[in-house]
1. Looking at the stretch 1-112, what strands (runs of 3 or more DSSP E) fall wholly within it and have at least 1 residues that are closer than 23 Å to Pro199 by Cα and either out of contact with any Ser or Thr (no Cβ under 8 Å at 6 or more places or on another chain) or acidic (Asp, Glu) (or both)?
2. Which numbered condition in (1) out of contact with any Lys or Arg (no Cβ under 9 Å at 6 or more places or on another chain); (2) over 19 Å from Arg189 (Cβ atoms) is the only one that Ser278 fails?
3. Residues being within 21 Å of Leu260 (Cβ to Cβ) and out of contact with any helix residue (DSSP H, G or I) (no Cβ under 6 Å at 6 or more places or on another chain): count how many of those fall in the stretch 216-226.
4. Which of the following residues is crowded, with 16+ Cβ neighbours inside 10 Å, farther than 21 Å from Ala175 by Cα and modelled with pLDDT under 95: Glu94, Glu107?
5. Counting only residues that are among the β-branched types (Val, Ile, Thr) and touching a residue at least 24 places away in the same chain (Cβ under 8 Å), how many does the stretch 181-216 have?
6. Using the structure shown, decide if Val93 is β-branched (Val, Ile, Thr), in contact with a helix residue (DSSP H, G or I) (Cβ under 9 Å, 6 or more places away or on another chain) and under 18 Å from Leu80 (Cβ atoms).
7. Looking at Gly163, Gly147, which one is within 22 Å of His37 (Cβ to Cβ), of a type outside the set (D, E, K, R), assigned by TED's automatic domain parsing to the domain that holds Arg123 and in a loop (DSSP other than H, G, I, E, B)?
Amino acid sequence: MPKPASALRSRELSYVGPLTPHLYAPSRTRPVRAKLHHLRADTQVVPHRHPWAQLAISTTGVTRLTVARGSYIVPPSRALWIPPGVEHAVTVVEDADLRTLYLHQPEGQCGPNVPPQEQARWRTCRVLEVSALLRALVLEMDTRPDGQADLTPAELARERLLGALVLDELRRAAAVPLGVDLPRDKRLRQLCEAVLADPTRHATLADWARDCGASLRTVARLFRDELGTTFTRWRQQVVLAHALARGATRRPVGHIAAELGYSPSAFSAMVRRTMGCSARELLASPRSR
């Protein structure tokens, strides 16, 4: 049986600059701004940063966001919170309608209008569940850029009401541990990027180590020292990310497990052990919940 191609396989990318963020800058007057871009697969938005917070949601398709120390898969059932000032790159895995919310952050504050004692957890990237209400609110937000048309008083009032509800839903959203940590060491970074591109290429860490020109002992030590985990546990997070990307296409769980080198029972057990839920619950689309 031929080995299936990876959903996040390494392919030639088309690079584009930041997607006009300056035309959607949030402010005290308009604290939550929305932007919509239709992006083709294999497009990468080059690394950039904003002085405001960002929420990335793919209403269709799958995107991957990469920061200095991690990589995050964003299927339609999840969103990624990016704090102010964090450099990030966006790679489109499957054709996507990428909606981005920009959130005004008063000086010294971080989060969706949370009290000071709750702001620490919002100062790092977080993968969040997307409720049906949050999705509906995002779809209703005005996505016109500055200079295209001035909002009427009624439209501005509506945007503020929708934005307030968005912030409330974000405060209630459950965080899910689906980010994949990335190291600083160049050799280990090369290995990790290769595993992210195709986690089924090799069966053992020794084979992966050979690819990056390091010994098995060195790579195992680097995983412990740089990422505080073992290769097996780290790779499980990569597999979950790939599973989510495939789940966005509504493929059966058994097919997804097989493509990732698991039997259905072994895959279900890994998901239950890692995420505390069933594989079907993890991969369920927002509309089926």
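The values are calculated or read from the model by the stated rules, or taken from the named source; none is laboratory data. Not measured: the values here are computed from a predicted model. When we count neighbours, we look across all protein chains shown, and the Cβ atoms used for this are built from the backbone with ideal geometry, even at glycine.
1. Fully inside the stretch 1-112 and qualifying: 53-67, 70-74, 78-82, 88-103.
2. (1)
3. Counting residues in the stretch 216-226 that are within 21 Å of Leu260 (Cβ to Cβ) and out of contact with any helix residue (DSSP H, G or I) (no Cβ under 6 Å at 6 or more places or on another chain) gives 0.
4. Glu94
5. 2
6. Yes.
7. Just a single option satisfies the conditions, and that option is Gly147.
Every residue, every condition in (1) under 19 Å from Pro83 (Cβ atoms); (2) loosely packed, with under 14 Cβ neighbours inside 10 Å; (3) not hydrophobic (A, V, I, L, M, F, W, C), yes or no:
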site	(1), (2), (3)
Ala120	yes, yes, no
Ala157	no, yes, no
Leu182	yes, no, no
Asp185	no, no, yes
